[in-house]
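Take a look at the structure below.
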Amino acid sequence: MKEDSYPLEPDAAGMREMAGSVLESLIDFVEGLEDAPSTGAAVPPALLEALSRPPPEEPGHFGDLLAMMRTAADASYETAAGSYLAYIPGGGIFSAALAEFFAAVTNRYTGKATFAPPLVAMESAVLRWMCDLFEFPVGSQGVLTTGGSMSNLIALTAARTQLAEGQVDRATVYVGEHAHASLAKAARIAGVQRQHVRTVASTDDLRLDVDHLRELLREDRRAGLIPVAVCAASGTTNTGTIDPLVEVGEVAREEGVWYHIDGAYGGFFQLTERGHERLEGITSADSIALDPHKALFLPYGTGALVVRSADALRATFSESADYLQDLGERADLPDFDALTPELTRDFRGLRLWLPLHLHGVDAFRRQLDEKLDLAVMVYDRLSANPLLEVRWRPDLSIVPFRLAHASEPAQKELLQRINQSGRVLLSSTRLAGDFFLRVAVLSARTHEERIRELFEIIEEAARAIAD
Ligand SMILES: *Cc1c(COP(=O)(O)O)cnc(C)c1O
């Protein structure tokens, strides 16, 4: 292509050429994931400078720009590979990316149903499937968000409207000691004062202490405050531990407060038989945050929330505007703009609809079952090693461990040695005051072979430090 041959509207040949080279680059990327270094390629010294320049007036060269994009992507933590066992892994499955491309090129407006009823029906059906997964009743509603943090924010804002509209200065919210930080953030954005976000202690098994929760609620009622929402985790980010969902639900019901469950990491394990058993009580929630970009292996930017009462969302987020007066509502399909803070939004529904219809729900169930199996393998193998300490059996797919009888610098050295292998990436946290490494198995690309490699790497590093 000549330098001046990049019109905003390329012809068919131009589209084929550009899309073809992107596709070739991406196939090469995906095929390279098995061997890609887990901490990313070294960042070339001049790269950040070159990529930080302002855009030029003159056209660039597509091939050169694509090469820069690849170099930039390669010089990042390898979050798309099976080696990624840090934080909470996700996926980035290819079919979802194709759906995203299709949605972007067709550029349909799905914030209001009358613009694109069939597309809104597709998104709505996927959300209905989520509501059904958690046995939510008629009148419940799901929405797609950009991630778990936004889902938590929408839920707590709705709870605040429902229970403390006009009195938010007295509103309180209850989160577990191991709750994700996005919950406290959400409560504060919803107007709850920092000191009114109460931290509920954990029991020794890292679960929310229900007695302490009751105590805090009693104290706050006595002080004339207004408890708005009790939050539990269906799998904490730190350890994947499931809070006592049935008991917390009973407390919330007795107290007449909103029961929010943060299922951003663990909610979709409900698809599996073991997950369904362990998440008992999740169906009693008023709202559940979910993260398809974690446990459904979609590209980042896809969160979800299911809410028992669509009216609670509408009461918080519905507004009318004169410039939208031409648009009637449909009785059969939701207007997403009336249920969330967004008006114009990308057509996220397709990112779920295509993979779920193409691969089938059971493909996702089997993936999640595999992750549960792999976590059991990790637990068994690491706890059999006298050099290591593994304190908690995993509820889902995260296993924290540390060097037995060793100092904190030694724990940090262990993490560093493991990650220097370039074959796996782990992260660390603090539990019961101690430094812990953690293995988080949730990537669609993590399978038994990589986990066996992880064992070799951990064991060799532990031996090296012990010597
Ligand atoms: C990841 C996570 C979140 C935040 O979700 P984002 O998609 O990162 O915004 C909230 N809660 C839990 C339990 C999580 O694991």
Review point. Given (1) open to solvent by less than 20 Å² (accessible area, probe 1.4 Å); (2) of a type in the set (A, V, I, L, M, F, W, C); (3) assigned to a loop (DSSP other than H, G, I, E, B), where does Leu454 come up short, assuming only one miss?
Key: (3)
Review point. Quick check: anything in the range 405-418 closer than 22 Å to Gly91 by Cβ and surrounded by fewer than 21 Cβ atoms within 10 Å (Cβ to Cβ)?
Key: no
Point to revise | Which listed residue is within 16 Å of the ligand (Cβ to nearest atom), closer than 18 Å to Asp337 by Cα and at pLDDT 95 or above, from Val126, Val120, Val143 | key: Val143
Study note, to complete from the structure: For Lys185, the lone unmet condition from (1) within 16 Å of the ligand (Cβ to nearest atom); (2) crowded, with 20+ Cβ neighbours inside 10 Å; (3) in a helix (DSSP H, G or I) is (2)
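Under the condition of being in a loop (DSSP other than H, G, I, E, B) and of a type in the set (Val, Ile, Thr), which residue from the range 128-146 is least open to solvent (accessible area, probe 1.4 Å)? Lay out the reasoning, then the answer.
Let us first name the residues in the range 128-146 that are in a loop (DSSP other than H, G, I, E, B), namely 134-140, 146.
From what is left, the residues that are of a type in the set (Val, Ile, Thr) are 138, 146.
Working: Val138: 147, Thr146: 67 Å².
In this case the residue turns out to be Thr146.
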Practice item. Identify the single condition in (1) in a strand (DSSP E or B); (2) buried (at least 16 other Cβ atoms within 10 Å of the Cβ); (3) away from the ligand (no atom under 15 Å from the Cβ) that Arg160 does not satisfy, given that it satisfies every other one. Key: (1)
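Out of all the residues in the range 79-127, which are within 14 Å of Tyr300 (Cβ to Cβ), touching a helix residue (DSSP H, G or I) at 6+ places or on another chain (Cβ under 7 Å) and assigned to a loop (DSSP other than H, G, I, E, B)?
Filtering the range 79-127 down to residues within 14 Å of Tyr300 (Cβ to Cβ) leaves 79-80, 84, 87-93, 96-97, 100.
Keeping just the survivors that are touching a helix residue (DSSP H, G or I) at 6+ places or on another chain (Cβ under 7 Å) gives 80, 88, 90, 93, 96, 100.
Listed by number, the residues that qualify are Ala80, Ile88, Gly90, Ile93.
Can you go through Pro44, Pro10, Pro37 and tell me which one is within 30 Å of Ile93 (Cβ to Cβ), more than 35 Å from the chain's Cα centre (by Cα) and not in a helix (DSSP H, G or I)?
Only one candidate qualifies: Pro10.
Quick check on the range 394-411. Is at least one of its residues part of a helix (DSSP H, G or I) and either under 15 Å from Ile457 (Cα atoms) or within 27 Å of the chain's Cα centre (by Cα) (or both)?
Here is the first cut: in the range 394-411, the residues part of a helix (DSSP H, G or I) are 408-411.
Filter once more, keeping what is either under 15 Å from Ile457 (Cα atoms) or within 27 Å of the chain's Cα centre (by Cα) (or both): 411.
Looking for residues that are part of a helix (DSSP H, G or I) and either under 15 Å from Ile457 (Cα atoms) or within 27 Å of the chain's Cα centre (by Cα) (or both), one finds at least one in the range 394-411, hence yes.
Yes or no, residue by residue, for (1) more than 15 Å from the ligand (Cβ to nearest atom); (2) of a type in the set (D, E, K, R):
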| position | (1), (2) |
| --- | --- |
| Arg253 | yes, yes |
| Phe268 | no, no |
| Ser287 | no, no |
| Leu296 | no, no |
| Ala304 | no, no |
| Val307 | yes, no |
Point to revise | Every pair of residues 6+ apart whose Cβ atoms lie under 6 Å, when the first sits in the range 403-422 and is in contact (Cβ under 8 Å) with a residue 60 or more places away in the chain while the second is part of a loop (DSSP other than H, G, I, E, B) | key: Gly422/Pro37; Gly422/Ser38
Check your understanding: Which pairs do you get when a residue that is of a type in the set (D, E, K, R), found in the range 363-382, comes within reach of a residue that is open to solvent by less than 40 Å² (accessible area, probe 1.4 Å), reach meaning Cβ atoms under 6 angstrom, with the pair 6+ apart or on two chains?
Key -> Arg365/Leu271; Arg365/Thr272; Asp369/Thr272; Lys371/Ser397; Lys371/Val441; Lys371/Leu442; Arg381/Phe455
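The values are calculated or read from the model by the stated rules, or taken from the named source; none is laboratory data. Here the structure is a predicted model, which is why all the values come from computation and not from measurement. Methodologically, a virtual Cβ is constructed for each residue, glycine included, from the backbone with ideal geometry; neighbour enumeration extends over all protein chains shown. Heavy atoms of the whole protein, side chains included, go into the accessibility calculation; ligands, DNA and RNA do not. Shrake-Rupley method; radii C 1.70, N 1.55, O 1.52, S 1.80 Å.
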